[in-house]
Number of protein chains: 2
Amino acid sequence: MGALSDLFGPERVAVVGATDREGSVGRAILTNLQADFDGGVVPINPNRDAVLGLDCYESLADAPPVDLAVVVVPPGIVVDAVREAGEEGVDDVVVITAGFSETGSEGAARERELIEVAEEYDMNLVGPNSIGIMSTTSGLNATFGPENALEGSISFMSQSGAFITAVLDWANDQDLGFKDIVSLGNEAVLDETDFIREWGDDPETDVIIGYLEGIDHGREFIDTAREVSEDTPIVLVKSGRTEAGAQAASSHTGTIAGSEQAYEAGLDQAGVLRVNTVEEMFDYAQMLSGQPVPERDDVAVITNAGGPGVMTTDAIGDSRLGLADFSNETLETYGEMLPDEGNIYNPVDVLGDAPAERFREALEISLEDDGVGAAIIVAAPTAVLDFEELADIVADVRDEYDAPIVTALMGGESTEEAAEVLEDSGVPNYFDPARAVRSVGALSEYRDVSRRDHEAPADFDVDRERAREILERAEDRDDNRLGVEAMELLDAYGVPTPEGDVVDSPKAAESVAEGIDGPVVMKIVSPDILHKSDIGGVKVGVETEDVYDAYEDLVTRAHNYQPDASITGVQVQEMADLDAGTETIVGLNRDPQFGPMVLFGLGGIFVEVLEDTTVKIAPISEPEATEMIDDIQAAPLLRGARGRTPADLDAVVETLQRLSQLATDFPAILELDVNPLVAGPDGVQAIDLRLTVDTEEL
Amino acid sequence: MGALSDLFGPERVAVVGATDREGSVGRAILTNLQADFDGGVVPINPNRDAVLGLDCYESLADAPPVDLAVVVVPPGIVVDAVREAGEEGVDDVVVITAGFSETGSEGAARERELIEVAEEYDMNLVGPNSIGIMSTTSGLNATFGPENALEGSISFMSQSGAFITAVLDWANDQDLGFKDIVSLGNEAVLDETDFIREWGDDPETDVIIGYLEGIDHGREFIDTAREVSEDTPIVLVKSGRTEAGAQAASSHTGTIAGSEQAYEAGLDQAGVLRVNTVEEMFDYAQMLSGQPVPERDDVAVITNAGGPGVMTTDAIGDSRLGLADFSNETLETYGEMLPDEGNIYNPVDVLGDAPAERFREALEISLEDDGVGAAIIVAAPTAVLDFEELADIVADVRDEYDAPIVTALMGGESTEEAAEVLEDSGVPNYFDPARAVRSVGALSEYRDVSRRDHEAPADFDVDRERAREILERAEDRDDNRLGVEAMELLDAYGVPTPEGDVVDSPKAAESVAEGIDGPVVMKIVSPDILHKSDIGGVKVGVETEDVYDAYEDLVTRAHNYQPDASITGVQVQEMADLDAGTETIVGLNRDPQFGPMVLFGLGGIFVEVLEDTTVKIAPISEPEATEMIDDIQAAPLLRGARGRTPADLDAVVETLQRLSQLATDFPAILELDVNPLVAGPDGVQAIDLRLTVDTEEL
């Protein structure tokens, strides 16, 4: 596939299935294309000589050459139409027609054929079941929607066509413009990742926004979005967040949504700014396309109204931002400038009798302070304040300083003209100060995302062959599950485990115990016995001289409990000093969209009752592993809260990375739990293990 | 003080300090009063014969009798002016003039004089430092603001004048009307509670809204608001929620804000619906003034757009609401009615080709289902959907059914006329489906608040005299602190404590131990030694024969550790079976605004690391005590999660109430901690105690 720039900027477009029948999709698209498009438009329809005043051709072969074919023929002949486009060398195709994978097995088969044809001719294909694409640069509107977009620098993709129609109708009302728009449809060929890549390279796109219900090829998405987001912010609604929403999404699109936890992790690791509403999406987009990112999160608030100033401060308290602490110099300057009753501390109260000029002075003083990263003006209507004058001032000051400035002009009609001035000069203005704060927060969030250190995951020196051998043992098991007898797997990947071994005779047990200092723990090992403790299958603190008898006793108990259980043997293990550390859990599993994931949490109630866990998509880098520790609520316990000895966090971070490497190396591992991994002051130790292997994948 | 109805509906109003000087507050008020007011307006000014065409009087004594005096004279003569009003029998006064407690000690003294005069004449006084009051019923606008309010059924109070000006400007733009508005100013006499009481009795007020930064007389507020909220919803912004916000509020109004935790509890117990933004406040108010409350929280969503349907479902998943599960009958009816590709399950997809009539059918089917409590229509623009027709249909259907219906017409200009139709028929409409969901959530929240069982707090039979005697012991202490030696206090209030006593000789210790089955716990008791364990001041599992020596050893250690420590004695206590229960914490403290508060949480890391605690204002009723258990995240542990034996929750609930009674009975208790209170399967036991007493209050 070539770059997608020709898709949005073709010289000549064919509408395959063009017609002038009233109310038809073919007519709507042709009409939209005729409206503003710079290039040529060619209707294709064997049954017409002309359509809407344009010469109509029987087929693409008869027509002058085109770069983009928009296909609206009935579903049964779409594949043929696309093949013909391929034959004629058309690289870019948009299939509007519905009736493919969204409708059942027959449609799905049709979609597979479509994919084959597209691959054969190496085509960029949008859809099927798309409402089309737009690009305001060339005036291209190849959709059957009722509205054309205004020009702008936001590019917009959506898996829901109705969402595009609704947003366009609303955005036109709000004077919000776009660069490119694409209705992704069924994503038979091109998907969200392709457009993120394209728009990341597009100098005319300042911000990428989108509505998604699912993401295919999660890893590719993460890698692409991560790179693009260094220069171009990506703001997405990913719906189906809640259980009910996911169900609704799956009945709507027929896709399996994957777990919200995986999406949350994946979108975050991808550097995507995730939002939940249309308002947020556009507040973010507007802010990110027009304002510099703040170098600090410390905000100055300048207001003529005490109450709204307090509300703004609350909103800042709720956000990732903080109120700036002014320097002594700033405070002095404010002291000289403001009337006595004014407040020189942040939020700065310029008082109800402040004319616009007093706002200018106050704003400039705050922006001169190196400790201020952004400024928010909060103004209530008063007898002396001219909102338009204030807007002009803010526009002026904004040009002088390299910090974001946002306004909350708190009024209705009286602020309208000022709002237009602000809009023209790219200063976002809201009635609600909380929205102004949220928008500055978006800039700060993007600053951090764009400057992330994308360190490559470490490549530890591990014994992959030995790991494979251990995993292959699962083939002998009905349920492909392994337990403590596979502890060596951890050892092969450099995760510390207690000394010991799984043995199958009392003599062997004794000899393992002799090699271990002090008493040992002995556990029955059987794929058929899941809850060892319940049947007395665990003995703690066994002295070497008692090991022989203990072995026999464990086996007898197991047999008594479950006569047909297959006994692998008995694990003889060094006593772990659990008191010296905190029990943590590290898990691996596999998401249908994002692949391997690493889970981390504290053991016991933290996982089971408080659900205090975090996941990331593997492979994870060292900074990502470190973040996982910060992500859990109970992290202070690992850091030494309540007089505990702090755990060796470096060892935890390393273990997370080593297990991430294991998950990436062996897609065959479907699930794996190290529970507990004891994190003590001098390192970690994996005490117990369970995993499930897909032996076909080995 | 009489009722406040005369304040908002006077026959004749005097403006004391009326003037025609351009730009003056006196002129602005007189002009506003002349505009729409039904009654008479009398300017008072000794230096004028007439003002703005009205006869002007030298003083109230010379003027015809008035019911309301609006005072705008300079601060120095306000008290005299108000006294004169009192002499003349004027019951209602609004003091606009600023320069009182908000400006320092001189102003504060002036405010105290003002209060005395108001009390002397039993006057209803608003302000000082108020922008005035409005009432649309009589056309009264006794403010100096630039805008008059539209008529409506929402009454609105604010501690910030600028907030009123801003909101009015905006509300007029949005066609939102009001019944009464009051700028509370410094609340020298009348405060928020007085207006809640007044509007609760006012048949023309459907909803009370307000902006507050602080609440005085918290208990009175709770009792009043609780009663009013049974019939009239109260929606408040209480700002200063965050630490920074509270600081900003206190520098703005000079009031001490009290703790956010106390406000959160107090507002909740008062039945107030708390919101954070102006948008939320009006969304709530609009919804609550026009829609019935839903009998169930199960919502039907009817949409022509899959994507927006999923977003709506997500918003429902985030809220207190749920998606309704349709009955089989409903599903069948949908099956017959909808095209094959439609979705008969909730959210109902009537498809992109649905005309307005199909929405009507779908809406009616859902409302016929007894399992549906409310309906949300989510409609994207399509070629076949006429938004205005849809609006008419929704208005129709709404009249037939007693369930709330809300719409999200997702478009801009194309929805404008439809939006007006909906507004006129009282159906809230939003672009964003999440806002529609939030509004239905407001109704559900209010339904629960208005139907709360306001059970009176239980009155347990306690030994108050004995409790007082124990508290009086604190008088002998420098720091007024008591510890385990005051355990009897708990006993006097019926909270179970381990057997045992505090003794001051080894012999006495022995005799206490002899009366206790099994080994005992011994702890040094000294007001000077806070961390007993650190100095080896606790001995666990002491057999009776070792008690004598243990006593001497404990005292020796204490002396060695801190030679000047005053030793009260040694506590000899039955061994509590901590394994049998879960450690909880019950605390009491005192908020400057709300008075006594009860705190509950699980012990150890739950309080110290996870901060998983909840508070309520005392006294608490049984349902409130039960709620406290539900409020903590770790509640499942008490209920028997992870194979624990469930704790005796009734005993915990009773203990919370008994300690609430203790806090209410003894305002002298500043702080008290029972930590731990062990909650086991057969009851609770208080193991340790610390309290601080304000002996002046005893």
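What follows is calculated from the coordinates using simple rules that are stated; it is not laboratory data. Everything numeric here is computed off the predicted structure, so don't read it as measured data. Here the Cβ positions follow ideal geometry from the backbone for every residue, glycine too, while neighbour counts run over all protein chains shown.
From the mean inverse distance of alpha carbon pairs (Kirkwood) and the Cα radius of gyration, derive Rg over Rh for chain B. Can you show the working numbers first?
Numbers: Rg = 31.8 Å, Rh = 29.5 Å.
Taking Rg over the Kirkwood Rh, I get 1.08.
Rounded to the nearest 20 debye, what is the charge dipole size of the protein assembly as shown about its Cα centre when +1 sits on each Lys and Arg Cβ and -1 on each Asp and Glu Cβ? Walk me through the numbers on the way to the answer.
On the way: 84 positive and 288 negative charges, 179 e Å.
With Lys and Arg at +1 and Asp and Glu at -1, about 860 debye.
Only Cα pairs under 8 Å and at least 6 apart count here; give the relative contact order of chain A as a rounded whole percent. Walk me through the intermediate numbers first.
Working: 1499 pairs, mean separation 56.7, N = 698.
Computed value for chain A: 8 percent relative contact order.
Averaged across the residues of B:594-606, what count of C-beta atoms belonging to other chains lies within 10 Å of each residue's C-beta? Can you show the working numbers first?
Values: counts 0, 0, 0, 0, 0, 0, 0, 0, 1, 0, 1, 9, 2.
For peptide B:594-606, the averaged partner shielding equals 1.
Given points 7 Å out from each Cα along the Cα-Cβ axis, report the B:HIS559 to A:GLU113 separation in nanometres with one decimal.
10.2
Rounded to whole angstrom, how close does the nearest chain B beta-carbon get to the axis mapping B onto A, and which residue is it?
Spelled out, residue of B and its Cβ distance from the axis onto A: B:LEU610, 4.
So what J values fall out for the stretch A:105-114 if you push phi through Karplus, 6.51 cos²θ - 1.76 cosθ + 1.60 with θ = phi - 60°, rounded to Hz, Gly and Pro as x?
With the stated coefficients, the stretch A:105-114 comes to 6, 5, x, 5, 5, 4, 5, 4, 4, 4 Hz.
Over its Cα atoms, what ratio of radius of gyration to 2.2 N^0.38 Å does the stretch A:1-131 give? Present the calculation step by step, with values, prior to reporting the outcome.
Working: Rg = 13.8 Å, N = 131, 2.2 N^0.38 = 14.0 Å.
Ratio of Rg to 2.2 N^0.38 Å for the stretch A:1-131: 0.98.
Would any residue of the stretch A:653-686 have its amide N under 17 Å from a label point 7 Å out along Cα→Cβ of A:ARG464? List them or say none.
Flagged as within label range: A:658-669.
Which of rounded, prolate, oblate describes the stretch A:106-170, given a ≥ b ≥ c as roots of the alpha-carbon gyration tensor eigenvalues and a/c under 1.5 marking rounded, otherwise prolate only if a/b is larger than b/c?
Numbers: a/c = 3.07, a/b = 1.83, b/c = 1.68.
Taking the square roots of the gyration eigenvalues as a ≥ b ≥ c, the stretch A:106-170 is prolate.
What chymotrypsin sites (Phe, Trp or Tyr not before Pro) in the stretch B:396-477 are in a loop by DSSP, with at most 14 other Cβ atoms within 10 Å of the Cβ?
Working: sites: B:TYR401, B:TYR430, B:PHE431, B:TYR446, B:PHE460; in loops: B:TYR401, B:TYR430, B:PHE431, B:PHE460.
Passing sites in the stretch B:396-477 are B:PHE460.
On the principal axes of its Cα set, how long, how wide and how thick is the stretch A:499-575? Give whole Å, largest value first.
Principal-axis extents of the Cα atoms in the stretch A:499-575, largest first: 34, 20, 18 Å.
For a paramagnetic label modelled at 7 Å from the Cα of A:GLU336 toward its Cβ, which residues of the stretch A:367-410 fall within the zone defined by backbone nitrogen distances under 16 Å?
Correct set: A:367-369.
Obtain the nm distance between the two label points defined at B:ASP424 and B:ARG642 by a simple spin-label model: each point lies 7 Å from its Cα along the Cα-to-C-beta direction.
Inter-label distance under the simple model: 6.3 nm.
Sketch the reach of a paramagnetic label on A:TYR548 as a point 7 Å from Cα along Cα-to-Cβ, and name the residues of the stretch A:492-520 whose backbone nitrogen lies under 12 Å away.
Residues A:506-511 fall inside that zone.
If eta is 0.692 mPa s and T is 37 °C, what Stokes-Einstein diffusion coefficient results for the stretch A:40-91, Kirkwood Rh from Cα pairs, in µm²/s? Intermediate values should be presented prior to the final figure.
Values: Rh = 11.3 Å.
So the translational diffusion coefficient is about 290 µm²/s.
Enter the mean number of other protein chain beta carbons within 10 Å of the beta carbon of each residue in A:639-649, as an integer.
Working: counts 1, 0, 4, 4, 0, 1, 0, 0, 0, 0, 0.
Per residue, the average neighbour count from other chains is 1.
What net charge do the residues around A:LEU68 carry, taking every other residue with its C-beta under 11 Å from that of A:LEU68, with Lys and Arg at +1 and Asp and Glu at -1? Write down the numbers at each step before the final one.
Details: positive: A:ARG12; negative: A:ASP6, A:GLU11, A:ASP67, A:ASP91, A:ASP92.
Neighbour charge sum, excluding A:LEU68 itself: -4.
Quick one: with label points 7 Å out along Cα→Cβ, list the inter-copy distances for A:SER59 in nm, shortest first?
Distances to the matching label points in the other copies: 10.7 nm.
In nm, what does the list of distances from A:GLU151 to its counterparts in the other copies look like, shortest first, when each label sits 7 Å along Cα to Cβ?
5.0
Taking the Cα-to-Cβ direction at A:GLU227 and at B:GLU455 and moving 7 Å from each Cα, how far apart do the two end points lie in nm?
6.5
Which net charge results for the neighbourhood of B:ARG451, defined as the other residues with beta-carbon distances under 12 angstrom from its beta-carbon, given Lys and Arg at +1 and Asp and Glu at -1? Intermediate results must be reported in sequence, preceding the final value.
On the way: positive: B:ARG447, B:ARG452; negative: B:GLU230, B:ASP231, B:GLU295, B:GLU445, B:ASP448, B:ASP453.
Result for the local shell: -4.
Let's see if you can work this out: charge +1 on each Lys and Arg Cβ, -1 on each Asp and Glu Cβ, no other charges. What is the dipole magnitude of the stretch A:499-575 about its Cα centre, in debye to the nearest 20? Intermediate values should be presented prior to the final figure.
Working: 5 positive and 16 negative charges, 66 e Å.
The calculated dipole for the stretch A:499-575 is roughly 320 debye.
Taking amide H atoms as placed 1.01 Å from N in the peptide plane, list the residues 5 or more away in sequence, or in a different chain, whose amide H sits under 5 Å from that of B:GLY683.
For B:GLY683, the qualifying residues are B:ASP648.
Just to confirm the numbers: B:GLU113, label point 7 angstrom along the Cα-Cβ line, distances to the other copies in nm, shortest first?
Ordered by distance, the counterparts are at 9.6 nm.
With r defined as the distance between the Cβ atoms of A:GLU608 and A:GLU499 and R0 fixed at 30 Å, what FRET efficiency is calculated, to the nearest 0.05?
On the way: r = 29 Å, r/R0 = 0.97.
E between A:GLU608 and A:GLU499, to the nearest 0.05, is 0.55.
Can you give the convex hull volume per residue for the Cα atoms of the protein assembly as shown, as a whole number of Å³? Kindly include the intermediate steps, with their values, before the conclusion.
On the way: hull volume 300.2 nm³, N = 1396.
With only Cα atoms used, the protein assembly as shown gives 215 Å³ per residue.
A:GLU671 to A:ARG320: extension gain in nm, 0.36 nm per residue of separation minus the Cα-Cα distance? All intermediate terms of the calculation are to be shown ahead of the outcome.
On the way: separation 351, 0.36 × 351 = 126.36 nm, distance 3.53 nm.
Net length gain for the segment: 122.8 nm.
Evaluated at 37 °C with a viscosity of 0.692 mPa s, what Stokes-Einstein diffusion coefficient in µm²/s does the stretch A:587-656 have when Rh comes from the Kirkwood expression over alpha-carbon pairs? Before the final figure, lay out each step's value.
Working: Rh = 12.7 Å.
Estimated diffusion coefficient is 258 µm²/s.
With a sphere of radius 10 Å drawn around the Cβ of A:THR103, what net charge do the other residues whose Cβ falls strictly inside it have (Lys, Arg +1; Asp, Glu -1)? Show your work: numbers first, answer last.
Values: positive: A:ARG110; negative: A:GLU102, A:GLU106, A:GLU111, B:ASP340, B:GLU341.
Its environment carries a net charge of -4.
Using just the Cα positions, wrap the stretch B:578-697 in a convex hull and report its mean projected area in square nanometres, one decimal place. The partial results should precede the final answer.
On the way: hull surface 28.5 nm².
So the mean shadow area of the Cα hull is 7.1 nm².
Can you give the mean number of other chain Cβ atoms that lie within 10 Å of the Cβ atoms in peptide B:428-438? Can you show the working numbers first?
Details: counts 0, 0, 0, 9, 6, 3, 5, 2, 0, 0, 0.
Partner-chain Cβ atoms within 10 Å, mean over residues of B:428-438: 2.
I need the peptides A:132-144, B:44-56 ranked by packing, meaning the mean over residues of other C-beta atoms within 10 angstrom, with the highest value on top. Walk me through the intermediate numbers first.
Numbers: A:132-144: 23.7, B:44-56: 15.6.
Final packing ranking: A:132-144, B:44-56.
Would you please give the FRET efficiency between B:GLU329 and B:HIS217, computed as 1/(1 + (r/R0)^6) with r the Cβ-Cβ distance and R0 = 51 Å, to the nearest 0.05?
Numbers: r = 54 Å, r/R0 = 1.06.
Efficiency for this residue pair is about 0.40.
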